[in-house]
Amino acid sequence: AALASVPLVSSGKVLGVLTVSGREARKFSPEERRLLESIGNEIGVAVERAQLLQRAQDRARELETLVSVNREMVSSLDLQEVLDRTLAIMCRQVGATQGFICTLDEETGELTAKTFWGERAFPLGRVWKMDQGIVGWVARHQQPIIVDDLATDPRIVGSQGPALGNNSAVSVPLKVKEK
């Protein structure tokens, strides 16, 4: 059996590998090797362009979402209305089936659910303590978290997500400056 493998190169970076093979033993000629290398380079350039386009499209969607959220935030002075509209935009943008926003009471260190979108898993006003569940973890560490499997993640004690058909979650802190 014969096999030839060449890197897919663009801008001096390897982006993948092109491999061709045949059932019969044979030697690839110098012309075939140059052709495969040339094709590998062309495919590398195409892959790089496709990746750049995808990143640009992702960034455009991101900016579109930010503009929409910003528009909603300045369209009303009513905090509840801003939270409701912003959450709805974000959930629709990422294809979520539900979402909620909590605010932190600095004096008590408690996080309270202020708005909900989608099928409600708990009543508005539910309270979490710092380090309790994913909400408390995100608030304590001031870092976003992605949970790929709600049923097995130890930070999601007692989550009703799987019972409602949700298998994953993303949670991000709402921050101003370092607060």
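The values are calculated or read from the model by the stated rules, or taken from the named source; none is laboratory data. Quick caveat, the model's predicted, so the values are computed rather than measured. Counting neighbours? That spans all protein chains shown, and the Cβs are built from the backbone with ideal geometry, glycine included. Calculation scope for accessible area: heavy atoms of the full protein, side chains included, ligands and nucleic acids excluded. Shrake-Rupley method; radii C 1.70, N 1.55, O 1.52, S 1.80 Å.
For region 101-108, the Karplus equation 6.51 cos²θ - 1.76 cosθ + 1.60, evaluated at θ = phi - 60°, returns couplings of 10, 10, 10, 9, 8, 5, 5, 8 Hz by residue, with Gly and Pro reported as x. Total lysine pairs in the chain at Cα distances under 23 Å, for residues eight or more apart or on different chains: 7. In a simple Cβ point-charge model (Lys, Arg +1; Asp, Glu -1; nothing else charged), the chain has a dipole of about 480 debye relative to its Cα centre.
Here the relative contact order of region 28-127, from alpha carbon pairs under 8 Å that lie six or more residues apart, stands at 16 percent. Under 10 Å, Cα contacts only: if you run a Gaussian network model on the chain, which one of E81, E31, E42 comes out with the highest mean-square fluctuation? Residue with maximal mean-square fluctuation among E81, E31, E42: E31.
Once both labels are positioned 7 Å from their Cα atoms along Cα-to-Cβ, the gap between E178 and R126 label points is 3.3 nm.
A cut-off of 5 Å between modelled amide H atoms, ignoring neighbours fewer than 5 places along the same chain, links R126 with A113. Taking the structure as given and computing mean projected area of the Cα convex hull in nm², which label from (1) 15.9; (2) 10.5; (3) 12.7 fits? For mean projected area of the Cα convex hull in nm², the calculated option is (1).
In the elastic network of the chain, a GNM with C-alpha springs shorter than 10 Å, the most mobile of G109, G136, G16 is G16.
Taking the solvent-accessible surface of protein heavy atoms with a 1.4 Å probe, what is the per residue accessible area of region 1-58 in Å²? Roughly 75 Å² per residue, with all protein chains present. Fully extending the segment from L63 to R26, taken as 0.36 nm per residue of separation minus the present Cα-Cα distance, adds 8.0 nm. Length gained on full extension, K114 to E81: 10.8 nm, using 0.36 nm per residue less the C-alpha separation. Residues whose amide H lies under 5 Å from that of S10, counting only those 5 or more places away or on a different chain, are L15; hydrogens are built 1.01 Å from N in the peptide plane. When region 68-158 is described by a simple charge dipole with +1 on each Lys and Arg Cβ and -1 on each Asp and Glu Cβ, the residue from T112, M130, V147 located farthest towards its positive end is V147. At 1.4 Å probe size, with the rest of the protein present, what percent of the exposed accessible area of the chain is carbon and sulfur atoms? Of all accessible area on the chain, carbon and sulfur atoms account for 54 percent.
Here is the list for region 1-86: trypsin sites (Lys or Arg not before Pro) lying in DSSP coil, each with at most 14 other C-beta atoms within 10 angstrom of its C-beta, are R23, R26, K27. Within the listed set N41, N167, N70, the residue fluctuating most in the Gaussian network model of the chain (springs between alpha-carbon atoms under 10 angstrom) is N41.
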